[in-house]
Amino acid sequence: MSESTAGTLETRADAGDGQPGIVRLWLDAISIADKEEQAWRKAAEEVLRIYRDDPESGQIIANGAKRRFNVLYANTETLATAVYNSPPIPDVRRRFREPDPVGKVAAQLLERNLSFAIDSTDFSARMDDAVKDTLLPGRGMVRVRYEPQMAQDGTIGSEKVSCETVDWRRFRRGPGKTWSDLPWIAFEHFLTREEFVKLSPKVGPRIELDCSLLTNEPGKGEPEPDQMKRGRVWEIWDREKREVVFIAPAWTHGPVYKGEDPLGLRDFFPMPRPIYALETPGDLTPVPPYRAYQGLAEDLEQISIRIGRLTRALRWRGAYLDAAIGDFLTKFEKSEDGALVPIDNPLALQNGGLDKAFWFQPIEVLAGVLVQLGEQREALKQQIYEITGISDIVRGASQASETATAQQIKTQWGSLRVQKLQREVQRFARDLLRMMGEIVAEKFQPATIMAVAGMKIPSKADIAQAQMAAQAAQAMGQQAPPPPNGPAAEDVIQFLRTQTLRDYMVDIETDSTIRADLTREQANITQFVQGFGQFIQSIGPAVQAGFVPQKEAATLLKSFARSFKLGRDAEDAIEQLGEVPPPPPTGQQDPAKVEEIKAQAAQMKAQSDKQIAADKLAADVQLEREKIASQERIEAQRLKAENERHTESLRADVAKAHISAAASVEAVKLKPASETAH
């Protein structure tokens, strides 16, 4: 049992009974949680001061001027843009792509409502805040809210779902090693009198406003205007009891408000698992990323200060030995290019000439030190980049002279270590949208859901009325518009309201939050189009000839398309390939239309048979041509081989004749002189 867990249990036992005991229980639990992360909050405040370059951050001042290389600011801005630079687009669809009209319509409703929520609540700004909090304090948090507006008659007039940045200074959590283990979380607020009254009409008017708006701390005794007064309150979400409790330290008689789960979320808490910059298994206390390279950053700052001081000292300065040449120097400095200045007192230059009359400060040593310091600063920057992963981004920067393949490799591997944080940011955005989707599905009124989505789904009564009208028109021999072909609004809403069905059958995802992925998506689509064309060219003749049924060919094409990441509309269109629409009811068929369809079918069959025959004839002709060409190649190779053998035989005969003639000549040379004389 951890120390914090034991402290909480002890607090529960010693808090006392009744409503005051509940207040003491939660205030003690929050105090224990406050101490657990107190050191981290202190370090996070210092990191923020360094990022903002505040005077209280311990920065070194030289001669009244700041000399600081704020590498924390540079790294944070670079990484923030690398991990999140594009708002997500919700992608809601059936999880298993099974034929399910109700699930399909429900997914469309949810997707359109989430798209509107993203545009209307500044979702991207909240994500920017979470990313900044991740890269600076070390933990980024955003919560969701359901905001209904009541009409005068007591009904819900309008409603919306929104996101809100959670200030890391105003957040406390219960004991636990993982996010799913936490028994409770708490948010600190500073409310006005009107907000207290709205929260609790009975208790709100009696709570003392003991905090200042400027400091969020209890007043020091100085009088303050009422509009600057606030009251501290803790909003506690108790997962064990699935209830929300508001506790004010200034009101110890009981909770300010206590109610059941207001949102009905599956995981209860109104926020997803936070984004952690540095995750440590079994420890939920954040770590500021700056701590990983703080020593190097301080060395970098010291070197930058020294470079600034040496740069100020590195100036062209000198002295002249005789005051009598002062007038000459004044004229010399004002002279134009190529002008000759007369020397009024040449006697002052008798000892060694003009070059001996001056002395200049040596700057070669200082220049060499500056070069060394510059190289050292670049080395420190590289070490910091290696720790933070920015070095991968720098390596991934392409140049115009590089080939397309080299740029593609850099795009793929240039941010390899940053991709983990990118995936975590994408996960966080997806979880936020899933929570917002839960609220829309379970809290919104059906009329609001359809109005926001811009979809009009007929009810069961509308469908029944349309069917009766069609039957009546048919009985009178008149034509009537067909009844609505789709699920009823009641079935869709019931599907959305049922959490089990919604979780099992509908999947809420997001597209990438990184704009650089668009390049890969475009390349993916290009490869699909090329592969699709090759597939059609390869399988099309076989389908046309009847060797491969159309349904099986469509199945093969769907399997091929699943290996590519396409848009939902494209995937839905591909899923419909090979599906034959059902014929209309017999009573509604037009005989003339039927005969026309039959004639078209017969014509298409005749054209198909003709095309198949032509293709077969062309194939036979091509096969015969290839056979003749093969025989001609074989005959040519045979003749060539015979010619080569004949040529080799002639060469052998000639060689033998030469050898025989040479032997005869040699024999004549070897005969005795007497035989030669006879």
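Of all residue pairs spaced 6 or more apart or on separate chains, those with beta-carbon atoms under 7 Å, a first member in region 476-493 that is touching a residue at least 40 places away in the same chain (Cβ under 8 Å) and a second member that is among the small types (Gly, Ala, Ser) and surrounded by 15 or more Cβ atoms within 10 Å (Cβ to Cβ) are Ala489/Ser459; Val492/Ala106.
Here is the figure for region 133-183: residues that are out of contact with any helix residue (DSSP H, G or I) (no Cβ under 6 Å at 6 or more places or on another chain), assigned to a loop (DSSP other than H, G, I, E, B) and among the aliphatic types (A, V, I, L, M) total 4. Considering only residues in region 248-286 that are more than 30 Å from Val47 (Cβ to Cβ) and β-branched (Val, Ile, Thr), the one that is least open to solvent (accessible area, probe 1.4 Å) turns out to be Val256. Restricting region 441-476 to residues that are open to solvent by 70 Å² or more (accessible area, probe 1.4 Å), out of contact with any Asp or Glu (no Cβ under 9 Å at 6 or more places or on another chain) and not in a helix (DSSP H, G or I) leaves a set whose member that is nearest to Ser162 (Cα to Cα) is Lys456. For Glu111, the criteria (1) open to solvent by less than 60 Å² (accessible area, probe 1.4 Å); (2) farther than 22 Å from Arg497 by Cα; (3) of a type in the set (D, E, K, R) hold in every case but one, which is (2). Note on region 5-37: residues that are modelled with pLDDT under 60, assigned to a helix (DSSP H, G or I) and surrounded by 17 or more Cβ atoms within 10 Å (Cβ to Cβ) amount to 3. Cβ contacts < 8 Å: first residue in contact (Cβ under 8 Å) with a residue 40 or more places away in the chain and within 15 Å of Arg172 (Cα to Cα), restricted to region 38-54; second residue surrounded by 13 or more Cβ atoms within 10 Å (Cβ to Cβ) and of a type in the set (S, T, N, Q), any location; separation 6+ or different chain. Result? Qualifying pairs under 8 Å: Trp40/Thr285. When you go through (1) more than 16 Å from Met141 (Cβ to Cβ); (2) assigned to a strand (DSSP E or B); (3) within 31 Å of the chain's Cα centre (by Cα) one by one for Lys258, which number turns out not to apply? Failing condition for Lys258: (3).
Residue by residue, here is whether (1) open to solvent by 30 Å² or more (accessible area, probe 1.4 Å); (2) at pLDDT below 60; (3) in contact with a helix residue (DSSP H, G or I) (Cβ under 8 Å, 6 or more places away or on another chain) holds:
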position: Leu496; (1), (2), (3): no, no, yes
position: Asp503; (1), (2), (3): yes, no, no
position: Ile525; (1), (2), (3): yes, no, no
position: Ile536; (1), (2), (3): yes, no, no
position: Glu552; (1), (2), (3): yes, no, no
position: Lys565; (1), (2), (3): yes, no, yes
position: Thr586; (1), (2), (3): yes, yes, no
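Whenever a residue of region 101-124 is in a helix (DSSP H, G or I) and among the aromatic types (Phe, Trp, Tyr), its partners that are at pLDDT below 90 and open to solvent by 30 Å² or more (accessible area, probe 1.4 Å), lying with C-beta atoms within less than 7 angstrom and at least six residues away or across chains, give the pairs Phe123/Pro87.
Kindly check whether there is at least one residue in region 354-366 that is modelled with pLDDT of 85 or more, open to solvent by 60 Å² or more (accessible area, probe 1.4 Å) and out of contact with any Pro (no Cβ under 7 Å at 6 or more places or on another chain). No, every residue in region 354-366 fails to be modelled with pLDDT of 85 or more, open to solvent by 60 Å² or more (accessible area, probe 1.4 Å) and out of contact with any Pro (no Cβ under 7 Å at 6 or more places or on another chain). Selection of region 81-125 for residues being under 29 Å from Ala488 (Cα atoms) and under 16 Å from the mean Cα position of the chain (by Cα) yields Ile89, Pro90, Asp91, Ile118. Against the test of being touching a strand residue (DSSP E or B) at 6+ places or on another chain (Cβ under 7 Å), modelled with pLDDT under 95, part of a loop (DSSP other than H, G, I, E, B) and among the aliphatic types (A, V, I, L, M), the options Leu263, Leu278 yield a single qualifying residue, Leu263. Of all residues in region 199-215, none are in contact (Cβ under 8 Å) with a residue 60 or more places away in the chain and either closer than 22 Å to Asp267 by Cβ or more than 28 Å from the chain's Cα centre (by Cα) (or both).
In region 406-437, the residue that is modelled with the lowest pLDDT out of those that are crowded, with 18+ Cβ neighbours inside 10 Å and not in a helix (DSSP H, G or I) is Gly414. The residue pairs whose first member lies in region 182-195 and is closer than 18 Å to Met228 by Cα, whose second member is open to solvent by less than 40 Å² (accessible area, probe 1.4 Å) and of a type in the set (Lys, Arg), and whose beta carbons are closer than 8 Å, counting only pairs six or more residues apart or on different chains, are Glu188/Arg172; Phe190/Arg230; Leu191/Arg230; Thr192/Arg230. Answer yes if at least one residue in region 91-101 is modelled with pLDDT of 85 or more, under 15 Å from Gly437 (Cα atoms) and surrounded by fewer than 17 Cβ atoms within 10 Å (Cβ to Cβ), and no otherwise. Looking for residues that are modelled with pLDDT of 85 or more, under 15 Å from Gly437 (Cα atoms) and surrounded by fewer than 17 Cβ atoms within 10 Å (Cβ to Cβ), one finds none in region 91-101, hence no.
The values are calculated or read from the model by the stated rules, or taken from the named source; none is laboratory data. Here the structure is a predicted model, which means the values were calculated and not measured. Note that each Cβ is placed from the backbone with ideal geometry, even for glycine, and that neighbours are counted across all protein chains shown. Just the protein is used for accessible areas: all its heavy atoms, side chains included, with ligands, DNA and RNA removed. Shrake-Rupley method; radii C 1.70, N 1.55, O 1.52, S 1.80 Å.
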